[in-house]
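The values are calculated or read from the model by the stated rules, or taken from the named source; none is laboratory data. Just so you know, these numbers come straight off a predicted model, no measurement behind them. When we count neighbours, we look across all protein chains shown, and the Cβ atoms used for this are built from the backbone with ideal geometry, even at glycine.
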Amino acid sequence: MVNIRIIEVAESTNTSLSQLLQNEQLPSGFMLLAKNQTHGRGQKGNIWESLQGENITATLLLKPQNLESADQFYLTMVVAIGIVDLLKGLAPEAQWSVKWPNDIYCADKKIAGILIENVIMGNDFGYCLAGIGLNVNQHKFLSDAPNPISLSMITGDIYDINTIAGQMSISILDRFSHLESGHTGKLRADYLNHLYLRGIPALFLYEGKTIKAEIQDVDIYGRLRLLRTDTREPIIAAFKEIKYLQ
């Protein structure tokens, strides 16, 4: 059952849902969907551009029951692959991938971004706020983002935002149910199989230098594992320690 509350406007759906949780007992799987998000937040403090009523700007609440805090990157996998599952169903001929750690790409263009904010209580997992920006119907992007694309630009169709949001919720919660059942192997394999540029020599900025390396893996802590193409030196890099240059 889809559990979505639609609001007219929010500065950030992650912030708004966090505030709701201070006053309401909300179940796992609850989604807050804003028709207009004025200050959507992305990774590294970036602003997520979205024209009013044309895209999904939402936050999904997840409450894992058996997840240790050290394994929290599985939630990034759940949300990312859940979105990929949805998009593959809507545009099966397109080339979908996850750009580490949590952007969704169609070929070399970005269609969605995810902001995961976890609340940890000691060694126990509290809850996860999965903020999602998915470009659905927008065709003109005004920011200086280099490579945006929308679902409508790919397929030529126009979509009902509420319907797509509901389908996205179902898709992510299906992956979440697998995590709750302890089936992490397939989840991790699907994430790795959809990893952008995996196994392809590419340029990265690492420790202030441009290097060429191949993405090999992502460990359970969410760190990227690469192999330099010149020295064959292995590299393990956490988020913000390495940057794609292509």
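Could you tell me whether any residue of the stretch 171-183 is without any contact (Cβ under 8 Å) to a residue 60 or more places away in the chain and charged (D, E, K, R)? No, the conditions are met nowhere in the stretch 171-183. Under the condition of being modelled with pLDDT of 95 or more and part of a loop (DSSP other than H, G, I, E, B), which residue from the stretch 232-245 is nearest to the chain's Cα centre (by Cα)? Among them, the one singled out is A238. Tell me yes or no: at least one residue of the stretch 100-113 is in a loop (DSSP other than H, G, I, E, B), at pLDDT 95 or above and touching a helix residue (DSSP H, G or I) at 6+ places or on another chain (Cβ under 7 Å). No: the stretch 100-113 contains no residue that is in a loop (DSSP other than H, G, I, E, B), at pLDDT 95 or above and touching a helix residue (DSSP H, G or I) at 6+ places or on another chain (Cβ under 7 Å). Do the conditions hold for H178, that is, is it more than 15 Å from K88 (Cα to Cα), in contact with a helix residue (DSSP H, G or I) (Cβ under 9 Å, 6 or more places away or on another chain) and not charged (D, E, K, R)? Taking the combined requirement at face value, the residue satisfies it. For V119, the conditions (1) farther than 30 Å from I200 by Cβ; (2) not in a strand (DSSP E or B) all hold with the exception of (2).
Name the single residue that is modelled with the lowest pLDDT among those in the stretch 52-85 being hydrophobic (A, V, I, L, M, F, W, C) and not in a helix (DSSP H, G or I).
First, pick out the residues of the stretch 52-85 that are hydrophobic (A, V, I, L, M, F, W, C): 56, 58, 60-62, 67, 70, 73, 75, 77-81, 83-84.
Those still in the list that are not in a helix (DSSP H, G or I) too: 56, 58, 60-62, 67.
Details: I56: 97, A58: 97, L60: 98, L61: 98, L62: 98, L67: 90.
In this case the residue turns out to be L67.
Does the stretch 210-227 contain at least one residue that is loosely packed, with under 12 Cβ neighbours inside 10 Å, on the phi > 0 side of the Ramachandran plot and either hydrophobic (A, V, I, L, M, F, W, C) or under 22 Å from the mean Cα position of the chain (by Cα) (or both)? Scanning the stretch 210-227, I find no residue that is loosely packed, with under 12 Cβ neighbours inside 10 Å, on the phi > 0 side of the Ramachandran plot and either hydrophobic (A, V, I, L, M, F, W, C) or under 22 Å from the mean Cα position of the chain (by Cα) (or both), so the answer is no. Only one entry in V98, V119 is in contact with a His (Cβ under 7 Å, 6 or more places away or on another chain) and hydrophobic (A, V, I, L, M, F, W, C), namely V98.
Yes or no, residue by residue, for (1) exposed (fewer than 15 other Cβ atoms within 10 Å of the Cβ); (2) in contact with a strand residue (DSSP E or B) (Cβ under 6 Å, 6 or more places away or on another chain):
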| site | (1), (2) |
| --- | --- |
| Q52 | yes, yes |
| T59 | no, yes |
| L67 | no, yes |
| P92 | yes, no |
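Set side by side, the residues G113, G82 differ, and just one is within 22 Å of D219 (Cα to Cα), under 8 Å from the mean Cα position of the chain (by Cα) and surrounded by 15 or more Cβ atoms within 10 Å (Cβ to Cβ), which is G113. There is no residue in the stretch 186-209 that is touching a Ser or Thr at 6+ places or on another chain (Cβ under 9 Å) and within 25 Å of I4 (Cβ to Cβ).
Here F141 meets each of (1) in contact (Cβ under 8 Å) with a residue 40 or more places away in the chain; (2) out of contact with any Pro (no Cβ under 8 Å at 6 or more places or on another chain) with one exception, condition (2).
Note on the stretch 86-99: residues that are out of contact with any Ser or Thr (no Cβ under 6 Å at 6 or more places or on another chain), among the hydrophobic types (A, V, I, L, M, F, W, C) and assigned to a loop (DSSP other than H, G, I, E, B) amount to 1. Scanning the stretch 191-231 for residues that are among the aliphatic types (A, V, I, L, M) and not in a loop (DSSP other than H, G, I, E, B) returns L192, L195, A202, L203, L205, I211, A213, I215, V218, L224, L226, L227. Kindly check whether there is at least one residue in the stretch 73-94 that is farther than 21 Å from L224 by Cβ and in contact with a Cys (Cβ under 7 Å, 6 or more places away or on another chain). Yes: the stretch 73-94 contains one or more residues that are farther than 21 Å from L224 by Cβ and in contact with a Cys (Cβ under 7 Å, 6 or more places away or on another chain).
Out of curiosity, is G122 closer than 23 Å to L67 by Cα, among the small types (G, A, S) and surrounded by fewer than 21 Cβ atoms within 10 Å (Cβ to Cβ)? So G122 passes the test.
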